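Visitor: The structure under discussion is supplied below as structure tokens; questions concerning it will follow.
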Amino acid sequence: MPNNQFKKSELYSFITGKASTAIARRLQKNFKQAGIEITIEQWSVLYHLWKEDGQSQQQLCDATFRDKPSITRLVDNLEKLGLVNRTANKNDRRINKICLTPEAEKLQVQTMEVANQTLNEALQGVTNGQVEIAKEVLQKVYENLS
């Protein structure tokens, strides 16, 4: 028996990620107000590089759920901003390692503070228990569709 407890009008909003979109918009607005001139998409790539510098473009595709052309464009733009450098792999020149510049390292603390502030705004009035349930449900949805 299906566990579909949504009205059709609610289902579309749920599937399209209304909450996710609202958080992304607010984060972009908060970045702009803080004088941080990068996009949310660029930040997501930097975020994964801050976790592990020197990833390949394919690793960044997998980590950010983006396709190769999108990652190439994002890395191109981050390179123009002086935030990353491409380094060819010594064993396979078709593979580029993407490395952070000192300028990108400086952005980490500032952007993470703004991201945490934005998340706190988004979760205002939401209990820790509710957050845990939401994480479990969304993880299960992801696993069902992977």
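The values are calculated or read from the model by the stated rules, or taken from the named source; none is laboratory data. These numbers were taken from a predicted model, which means no experiment stands behind them. Note: ideal-geometry Cβ built from the backbone for every residue, glycine included; neighbour counts use all protein chains shown.
Visitor: Of (1) closer than 13 Å to Q42 by Cα; (2) at pLDDT below 95; (3) touching a strand residue (DSSP E or B) at 6+ places or on another chain (Cβ under 8 Å), T64 satisfies all except one. Which?
Guide: (3)
Visitor: Taking the condition of being surrounded by 10 or more Cβ atoms within 10 Å (Cβ to Cβ), farther than 25 Å from K29 by Cα and of a type outside the set (V, I, T), how many residues in the range 121-133 meet it?
Guide: 2
Visitor: Then there is this: Across the range 51-77, which residue is farthest from I95 (Cα to Cα) among those that are in contact with a helix residue (DSSP H, G or I) (Cβ under 7 Å, 6 or more places away or on another chain) and in contact (Cβ under 8 Å) with a residue 40 or more places away in the chain?
Guide: Top of the filtered list is Q55.
Visitor: Is at least one residue of the range 40-54 within 16 Å of K97 (Cα to Cα), surrounded by 16 or more Cβ atoms within 10 Å (Cβ to Cβ) and touching a strand residue (DSSP E or B) at 6+ places or on another chain (Cβ under 6 Å)?
Guide: Scanning the range 40-54 turns up at least one residue that is within 16 Å of K97 (Cα to Cα), surrounded by 16 or more Cβ atoms within 10 Å (Cβ to Cβ) and touching a strand residue (DSSP E or B) at 6+ places or on another chain (Cβ under 6 Å).
Visitor: So the check is Cβ under 8 Å with 6+ separation or different chains; which pairs have a first residue in the range 88-117 that's free of Cβ contacts under 8 Å to residues at least 60 places away in the same chain and closer than 22 Å to A24 by Cα and a second one that's acidic (D, E) and surrounded by 14 or more Cβ atoms within 10 Å (Cβ to Cβ)?
Guide: As it stands, the answer is none, since no pair meets every condition given.
Visitor: Another one. Tell me the residue from L83, L74 that is touching a Lys or Arg at 6+ places or on another chain (Cβ under 8 Å) and surrounded by 14 or more Cβ atoms within 10 Å (Cβ to Cβ), please.
Guide: So the residue among L83, L74 that is touching a Lys or Arg at 6+ places or on another chain (Cβ under 8 Å) and surrounded by 14 or more Cβ atoms within 10 Å (Cβ to Cβ) is L74.
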